[in-house]
Amino acid sequence: MGLLAPAESLRPVPPDQVAVQPYPYRGRGGGHRLHRMAKLAMHVRTCLPLLVPLQHDELYQGITITSRIDFDRLSASARESTRVRERLALTRHLDIRSSAHTMPLVFGRLLPRLETLVLGEGCMSPPIHRSFFLALSQFPNITSLTMFGLELFNFTELRNIISRFPLLTKLSIIDVSCKHVPADRIAASIARPSPLRSMRLRELVIRGAWVAILHGIIDWLTASTLTCELISRLTVYGSVGEGTRHFQQLLRVTGRSLIDCQLDFKLGVSQRDDHAMPSAQEGSSICR
Amino acid sequence: MPIDHFDFRPNTKLRTLRLICHDPLMMHWPLLLRTLEDQLQSLQSAHLQRVSFDFQMNVDTLVRLGPFPDSLDPSSVHKAQNGEMLLRVSELGIHLSIVPGSPPVCERSSPLHEDPSSTRELVEKTAAAGLRTIFAPFDARGALRITTEVYEGETTSKFYSGASSTPLSVEDNVSLADASSAGVPEEPPSHVLIGQLARTVEA
């Protein structure tokens, strides 16, 4: 599949519709510099097909959808334009902040090269329909999954999302809660055998999760030592009110693979009652 | 009773370590000394190059902590900082994040230390000085770096969710590595920002 369309089909890009802006950020030296991938501003419906003459195919490697309108526009463009579908087929990074529950159903087959998936900022409302989990299997090449600012119905939903990506190497769970189910049910769902037989994580980040989720996810991931034994980067914040047993479990499993580690801990005397599951009230900020 | 700490003995290839220490209610010098000693002991077999301890506490905790007591013997923790570790670790960073006010169960704040400058002075006289005593071998080698950050937030819980309080001042420069480890991305995402695109053009 060629990357460039025939020249006669290319329309010029109106200057008022396209603006390439520098993407300032503070680099290692402390100053600002332009990112190699400049931030491109254009009207989606009009200009998605026009990405071709810009020869900025790389820009399609990452897509961020921030609203339902964006989602609808992109899906409509994909339906109407072969060129858009061709570009979507090159996409490697998808960051979705809205309408995520329909994302795999709509874009599943359009994004065969997707490697990084970010589900963020309340992009789904619990409970999640089972079709979502089933359709996630259409992204077999995903190696990096980030979930942040999500409210899920229960721990099973969290587990069902993660377990759909057998090639996952980087997993980030940030500010994820399960408010609709008592936390003690998590223990029951953890007891199920781990389905992650092929998953080999290299990086694990858990921050701002409920204590129950934090402990649940660690127990679940470490149920199969193969899942975590290659982790070289580990970041886990959130030990408030509990001992270090779960952290220790991770440190033991990661063993010699661990190179970079960030943990928080409670300065005090170890608690022996590590097995007691906290109550659902731990969704409050003090427990995060 | 055992002290709450991590055992890094299985992690022999560990090169970078950052530990965030909280729970100001339990913070006092003997406990801190023993915890740090246990932590350093468990790191003897690791290939550490950079170590960072972040202490997050309220002003009242700082007041209660006070100066490092003369009666406390730091020789055992000095011993844990043996020659091999001193050679390997190029930087031992300690970051003190101070939030005005009291821990949740304390009754009131310390009005004398609500001013950031006096808080900084208090930090220097108590926590920073004490930690320099504990890490004297690293300090003597020039590998110890202590930074202080005074927040105007209300509780330490803000640290954990990543929602930052507003720092009033930061002493010493925090390197990018610190920023990165705190969740600041080194590279911006290369996205087609669809939502922003539509808004930009429609505007």
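The values are calculated or read from the model by the stated rules, or taken from the named source; none is laboratory data. Values in this document were obtained by computation on a predicted structure and should not be read as measured data. Every residue, glycine as well, gets a Cβ built from its backbone with ideal geometry; the counts of neighbours run over all protein chains shown.
Search segment B:86-112 for residues that are over 18 Å from B:VAL150 (Cβ atoms) and pair each with any residue that is of a type in the set (Gly, Ala, Ser) and modelled with pLDDT under 90 when their beta-carbon atoms are under 8 Å apart and the residues are at least 6 apart or on different chains.
Correct list of pairs: B:ARG108/B:SER102.
Need the failing condition index for A:PRO195 against (1) surrounded by fewer than 22 Cβ atoms within 10 Å (Cβ to Cβ); (2) at pLDDT 80 or above; (3) assigned to a loop (DSSP other than H, G, I, E, B), just the number.
Of the numbered conditions (1) surrounded by fewer than 22 Cβ atoms within 10 Å (Cβ to Cβ); (2) at pLDDT 80 or above; (3) assigned to a loop (DSSP other than H, G, I, E, B), the odd one out for A:PRO195 is (2).
With the requirement that a residue be at pLDDT below 90 and in a helix (DSSP H, G or I), what does segment A:108-123 give you? Break it down stepwise before answering.
Taking segment A:108-123 and keeping what is at pLDDT below 90, we get A:108-109, A:120-123.
The answer is A:GLY108, A:ARG109.
Taking helices (runs of 4 or more DSSP H) that fall entirely within segment B:46-120, which contain at least 3 residues that are at pLDDT below 85?
Because the criterion is at least 3 residues that are at pLDDT below 85, the helices (runs of 4 or more DSSP H) in segment B:46-120 that meet it are B:59-65.
Hey, among the residues in segment B:4-26 that are facing another protein chain (nearest Cβ under 7 Å) and not in a loop (DSSP other than H, G, I, E, B), which one's modelled with the lowest pLDDT?
Among those residues, the one meeting the criterion is B:MET26.
How many residues does segment A:224-240 hold that are surrounded by 19 or more Cβ atoms within 10 Å (Cβ to Cβ) and either under 17 Å from A:ASN160 (Cα atoms) or without any contact (Cβ under 8 Å) to a residue 24 or more places away in the chain (or both)?
1
I'd like the full set of residues that are within 19 Å of A:ALA78 (Cβ to Cβ), of a type in the set (A, V, I, L, M, F, W, C) and surrounded by fewer than 16 Cβ atoms within 10 Å (Cβ to Cβ), limited to segment A:106-141.
none
Does any residue in segment B:52-73 that is surrounded by fewer than 19 Cβ atoms within 10 Å (Cβ to Cβ) come within less than 7 Å, Cβ to Cβ, of a residue that is part of a loop (DSSP other than H, G, I, E, B) six or more places away or on a different chain, and which pairs are these?
Going by the 7 Å Cβ cut-off, the qualifying pairs are B:VAL63/B:SER110.
Given the condition within 14 Å of chain B (Cβ to nearest Cβ), at pLDDT below 90, closer than 20 Å to A:GLU151 by Cα and in a helix (DSSP H, G or I), answer yes or no: does some residue in segment A:71-86 qualify?
no
Could you tell me which numbered condition B:THR35 fails, if it satisfies all but one of (1) crowded, with 18+ Cβ neighbours inside 10 Å; (2) in contact with a helix residue (DSSP H, G or I) (Cβ under 9 Å, 6 or more places away or on another chain); (3) not in a strand (DSSP E or B)?
(2)
Among (1) touching a Ser or Thr at 6+ places or on another chain (Cβ under 9 Å); (2) surrounded by 18 or more Cβ atoms within 10 Å (Cβ to Cβ); (3) away from chain B (no Cβ under 12 Å); (4) not in a loop (DSSP other than H, G, I, E, B), where does A:MET103 come up short?
Of everything listed in (1) touching a Ser or Thr at 6+ places or on another chain (Cβ under 9 Å); (2) surrounded by 18 or more Cβ atoms within 10 Å (Cβ to Cβ); (3) away from chain B (no Cβ under 12 Å); (4) not in a loop (DSSP other than H, G, I, E, B), A:MET103 misses just condition (1).
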